[in-house]
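Inspection log for the structure reproduced underneath, given as structure tokens.
None of the figures in this text is laboratory data; all of them are computed from the coordinates on show. These figures come from a predicted structure and were not determined experimentally. So basically every Cβ, Gly included, is an ideal-geometry build from the backbone, and we count neighbours across all protein chains shown.
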Amino acid sequence: KPGKSDKGGLEGFVQMAAHLAGGGVLALAPDGPRGPACHCAPGIAQLARFTGAPIIGLGAATTRCARASSWDRTVLPLPWARAALVWGAPVYVSRKADAAALHACTQALEQQLNQLDAQAHTALAHTALAHADLARADLAPAILAPPTSDP
């Protein structure tokens, strides 16, 4: 049975596609509104296929943070925390991608985001005076950039 987070999904998709078509950029939580945490939902790959926009994964880490009590344990960096942000190469989804290709893209994006998250933590740990209380940002946002021609 569809839940509250399903309401307006198509309208939201159309608005995001229009925003990208107008040259805008989106930052999206790839694990969707209900999770599970650290597992990509298919919406980002579907939006990238529909719009031609590349997906740019991000990994993040911070030395000091508060965590939300939500299902995804959202990380909120505290003042004066050190942070690292790492991004990956753009990922394009062919407009001709079928369900199997979309699933493979979603799995690859999930793997890339987890690798970027680990790289951010490694980068932060190697900075001078890095603290031992590194906070995992878990599955960091993925960015959808303005559309380009289909590669």
Cβ crowding within 10 Å averaged over residues, with 43-56, 80-93 ranked highest first | 43-56, 80-93
Between Cys65 and residues 5 or more places away or on another chain, the pairs with built amide H atoms under 5 Å apart involve Leu78
Expected unfolding gain across Leu78-Gln46 under the 0.36 nm per residue rule, minus the alpha-carbon gap, is 8.1 nm
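Rounded to the nearest 0.05, what FRET efficiency do Ala123 and His103 have when you use their Cβ-Cβ distance and R0 = 35 Å?
Computed FRET efficiency for Ala123 and His103 comes out at 0.70.
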Separation in nanometres of the label points that stand 7 Å from Cα toward Cβ, at Leu85 and Ala27 | 0.6
Using per-residue counts of other Cβ atoms within 10 Å, averaged over each peptide, order 57-68, 16-27 from highest down.
-> 57-68, 16-27
